[in-house]
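The values are calculated or read from the model by the stated rules, or taken from the named source; none is laboratory data. The shown structure was predicted, so the numbers you read here are calculated from the model rather than taken from an experiment. Here Cβ is always computed from backbone atoms with ideal geometry, including for glycine, and neighbour counts include all displayed protein chains. Areas reflect the complete protein model, heavy atoms only, side chains present, ligands, DNA and RNA absent. Shrake-Rupley method; radii C 1.70, N 1.55, O 1.52, S 1.80 Å.
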Amino acid sequence: SRRFGACHTRWAASARPSSIACTHPAVTLNQRMAEHEALFSGVTLWKIAIKRQIRVKGPGAEAFTNYSVTRDISTIKVGSGKHTIVCNEQDIILNKPVLFRIAEEEFWFSPADSDLMLWLRGVNIGAG
């Protein structure tokens with residue numbers, strides 16, 4: 001099986017893959033370049049088992065979710081997903097989850113490893 005190396009960097013509250021060019025003894029330069037090319041021009045397969053879904057559901061789910069992210073989610077169709085960004089009150093990026101619209105008033109955040117659930121609970125409490 002092929003193996004590709006990845007470095008992780010701290011970015012606000014999450015660790016994320018940032019480079020496939022890190023030193024890994026089992027990875028050749030040609031393999032790294034092939035992965036880089038596939039990442040930007042084709043398809044790559046990533047293990048994302050660490051991702052946990054956060055569900056926002058019920059009356060007001062669209063308004064709350066729209067308030068919590070940086071993109072207008074009204075354009076996301078049921079059954080579709082989009083990348084979005086979650087920032088704190090100082091405009092620091094906390095996470096870049098994929099946001100899925102499951103139903104008109106149901107959304108699933110698929111965040112990188114971070115405390116996004118706690119952040120969203122805090123936003124909900126703060127919103128009254």
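Search the range 109-128 for residues that are over 17 Å from Lys57 (Cα atoms) and open to solvent by 70 Å² or more (accessible area, probe 1.4 Å) and pair each with any residue that is outside any helix (DSSP H, G or I) and of a type in the set (Ser, Thr, Tyr) when their beta-carbon atoms are under 7 Å apart and the residues are at least 6 apart or on different chains.
What qualifies is Asp113/Ser14.
Taking only the range 96-108 into account, find how many residues are open to solvent by 40 Å² or more (accessible area, probe 1.4 Å) and modelled with pLDDT under 90.
The initial filter retains those residues of the range 96-108 that are open to solvent by 40 Å² or more (accessible area, probe 1.4 Å), namely 96, 100, 102, 104-105, 108.
Next, only the ones that are modelled with pLDDT under 90 stay: 96.
Result for the range 96-108: 1.
How about the range 57-95: which of its residues are surrounded by 15 or more Cβ atoms within 10 Å (Cβ to Cβ) and touching a residue at least 60 places away in the same chain (Cβ under 8 Å)?
Of everything in the range 57-95, those that are surrounded by 15 or more Cβ atoms within 10 Å (Cβ to Cβ) and touching a residue at least 60 places away in the same chain (Cβ under 8 Å) turn out to be Phe64, Leu94, Asn95.
Restricting the search to the range 76-128, which residues are in a helix (DSSP H, G or I) and in contact with a strand residue (DSSP E or B) (Cβ under 8 Å, 6 or more places away or on another chain)?
Just the residues of the range 76-128 that are in a helix (DSSP H, G or I), to begin with: 116-126.
Scanning the range 76-128 gives Leu116, Met117, Trp119, Leu120.
Does the range 77-114 hold any residues that are touching a helix residue (DSSP H, G or I) at 6+ places or on another chain (Cβ under 7 Å) and among the hydrophobic types (A, V, I, L, M, F, W, C), and which are they?
Matches in the range 77-114: Val86, Leu94, Leu99, Phe107, Phe109.
Among the residues of the range 47-56, what is the count of those that are open to solvent by 40 Å² or more (accessible area, probe 1.4 Å) and at pLDDT 90 or above?
1
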